[in-house]
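Chemist: Let me give you the structure first, and then I'll get to my questions.
The values are calculated or read from the model by the stated rules, or taken from the named source; none is laboratory data. Keep in mind that what you see is a predicted model, and the values were worked out from it rather than measured. A quick note on method: Cβ atoms are made from the backbone with ideal geometry, for glycine too, and the neighbour counts reach across all protein chains shown.
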């Protein structure tokens with residue numbers, strides 16, 4: 001699934017993470033949460049820009065216009 005060099009990098013990261021104390025692990029979680037959210041946002045924006053979500057948006061609009069949605 002992963003190339004061998006990527007796996008060894010992941011194993012190295014896992015080893016390092018296991019050595020963090022509670023405060024360091026908390027700080028890492030907070031950093032990774034922001035990092036992951038930013039990466040997701042960038043991917044979502046790229047998908048929108050590339051039109052990958054157009055069919056879903058069009059279906060949602062059709063469903064709404066035909067009464068198959070509810071107000072929040």
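Chemist: Which residue pairs have Cβ atoms under 6 Å apart, sit 6 or more places apart or on different chains, and have a first residue in the stretch 48-72 that is surrounded by 11 or more Cβ atoms within 10 Å (Cβ to Cβ) and a second that is at pLDDT 95 or above?
Modeler: Matching pairs, first to second residue: 53/47; 69/63.
Chemist: Report every pair of residues separated by at least 6 positions or lying on different chains whose Cβ atoms are under 9 Å apart, first residue within the stretch 10-32 and modelled with pLDDT under 95, second outside any helix (DSSP H, G or I).
Modeler: Note: pairs meeting the criteria are 10/2.
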